[in-house]
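Novice: Pasting a structure here, questions to come.
The values are calculated or read from the model by the stated rules, or taken from the named source; none is laboratory data. These numbers were taken from a predicted model, which means no experiment stands behind them. Don't worry about glycine lacking a Cβ; one is built from the backbone with ideal geometry, like all the others, and counts go over all protein chains shown. Remember, those area values only see protein heavy atoms, side chains included, never the ligands or the DNA or RNA. Shrake-Rupley method; radii C 1.70, N 1.55, O 1.52, S 1.80 Å.
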Amino acid sequence: MEVRIEPTWKSRLQEEFEKEYFIRLTEFVKEEYRLKTIYPPGSLIFNAFNLCPFQNVKAVIIGQDPYHGPGQAHGLCFSVRDGVEFPPSLVNIFKEIESDMGIKRPAGGNLERWASQGVLLLNATLTVRAHQAGSHQKMGWEQFTDRAISILNIEKKNIVFFLWGAYAQKKGEAIDRSKHLVLESVHPSPLSASRGFFGNKHFSRCNEYLLAHGIKTINWQ
């Protein structure tokens, strides 16, 4: 299994790779891939970082863990591969974009097009067992992704952080709101979307903020 991470991220996260917790996590994950069906494919574990180099990051969307159905997860939170049916949360994200920005729902749910514009689509946990949501939580991934968020918070400014739901909000508690924009609402899941995700206008608010700081806006198509 070949796992690579983009060089600008690798240099910043190198210390994490050498820590005890990450060495244990690596052993656990390797064994899981050997014995079970794990998503995403090993080569896509760090896809969020690989498609959005550190210097390009202008927005961060925080998810919880990868989709656990066949063919869905490819290392970007909320995103699915081309040709895969949209999961309910993604349907609701596109509904909000349509009502907020007037952009029609796209044909595909692959959000690589956002990543290439500087949106880091980061799950807190980067791997999961097939059909077992949350099965790789509390094994070390959260510490690793907390560090990635912390590095962005410290080293950059004027990033827009999307924190949807209590889990993402807790993960983003330490973000410096005096130099970044933090957008919070309930999660886009059908269980909560009607209680404040719909109508949050996060996508237009993100672009207004970027524009005000001389940063190229994101095409949310």
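Novice: Looking at the chain only, what percent of DSSP beta bridges run antiparallel? Nearest 5 please.
Specialist: Numbers: 3 of 16 bridges.
The antiparallel fraction comes to roughly 20 percent.
Novice: Tell me, what % of the accessible area of segment 95-221 is carbon and sulfur with a 1.4 angstrom probe? The partial results should precede the final answer.
Specialist: On the way: 3010 of 5860 Å².
That share works out to 51 percent.
Novice: While we're looking at this one, here's another question. Rolling a 1.4 Å sphere over the protein heavy atoms, what is the accessible area per residue of segment 54-94, to the nearest Å²?
Specialist: 34 Å²
Novice: Where Lys and Arg each count +1 and Asp and Glu each count -1, what net charge lies around LYS36 among other residues with Cβ under 12 Å from its Cβ? If you can, show how the numbers build up before the last one.
Specialist: Numbers: positive: LYS30, ARG34, ARG129; negative: GLU31, GLU32.
Local net charge: +1.
Novice: Can you tell me the order of 148-159, 8-19 when each peptide is scored by its average per-residue count of other Cβ atoms within 10 angstrom, highest first? The partial results should precede the final answer.
Specialist: Numbers: 148-159: 16.0, 8-19: 14.2.
Per-residue mean Cβ counts within 10 Å order the peptides as 148-159, 8-19.
Novice: In degrees between 0 and 90, to the nearest 10, how far off the longest principal axis of the chain does helix 141-155 point, with axes built from Cα atoms?
Specialist: Helix 141-155 and the main axis of the chain meet at about 50 degrees.
Novice: Angle between the Cα long axis of helix 202-212 and the longest principal axis of the chain, 0 to 90 degrees, nearest 10?
Specialist: Helix 202-212 sits at roughly 80 degrees to that axis.
Novice: Can you give the angle from 0 to 90° between the axis of helix 88-101 and the longest principal axis of the chain, with both taken from C-alpha atoms, to the nearest 10?
Specialist: Once rounded, the angle reads 30 degrees.
Novice: For segment 120-187, with every protein chain kept in place, what is the accessible area per residue (1.4 Å probe, Å²)?
Specialist: Working: 2770 Å² over 68 residues.
The answer is 41 Å² per residue.
Novice: List the relative contact order of the chain as a percent without decimals, with contacts defined as Cα pairs under 8 Å and 6+ residues apart. Working shown, then result.
Specialist: Working: 373 pairs, mean separation 50.0, N = 221.
Once divided by the residue count of the chain, the mean separation gives 23 percent.
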